[in-house]
Ligand SMILES: [Cu+2]
């Protein structure tokens, strides 16, 4: 009975560590950036979203700016429902990171917006970018480019 339980525990631990090895993260000061990712863009697209998880173990900070060789500029946006219409607006002051908090940039909420992209992102590539925090300073990260937008869209593109 005891041996059986140990077996299950080992299998679970192996699954968890495999999951961790596949994710990628970056650190600057007390800020941890978890799994930055983007999505493949259509050949004519000029903008692309970027998503990541920011864990701030230190005092309050702010993500003030970002840049990338692949984009003319990089903005921070917020998606919000205005009645029945989904609206996107630029967050002029950057993204506020309260002390000891986690802020997630994800589809439908806060996100990084790569503007004036000249070479559309392709699935499987890593897009280099620099994030600048008001207090923690700059950090180089890489956005892993995933499928175009969900599995349905993906299959529509013949893959
Ligand atoms: Cu946007």
- How long is the gain from residue 42 to residue 26 if the chain were fully straight, where each residue apart is worth 0.36 nm and the alpha carbon distance is subtracted? 3.0 nm
- With only alpha-carbon atoms counted, please give the Rg and Dmax of the range 22-76, in Å. 13.3, 42
- Query: Ranked by Cβ crowding within 10 angstrom, fewest neighbours first, how are 26, 121, 76 ordered?
  - Reply: 26, 76, 121
- Using 0.36 nm per residue of separation minus the Cα-Cα distance, give me the extension gain between residue 60 and residue 80 in nm, one decimal. 4.8 nm
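We did not get these values from a lab; they are worked out from the coordinates using the rules stated. Since the structure is predicted, the reported quantities are computational estimates derived from the model, not experimental observations. As a convention, Cβ positions derive from the backbone with ideal geometry for all residues, glycine included, and neighbour counts pool all protein chains shown.
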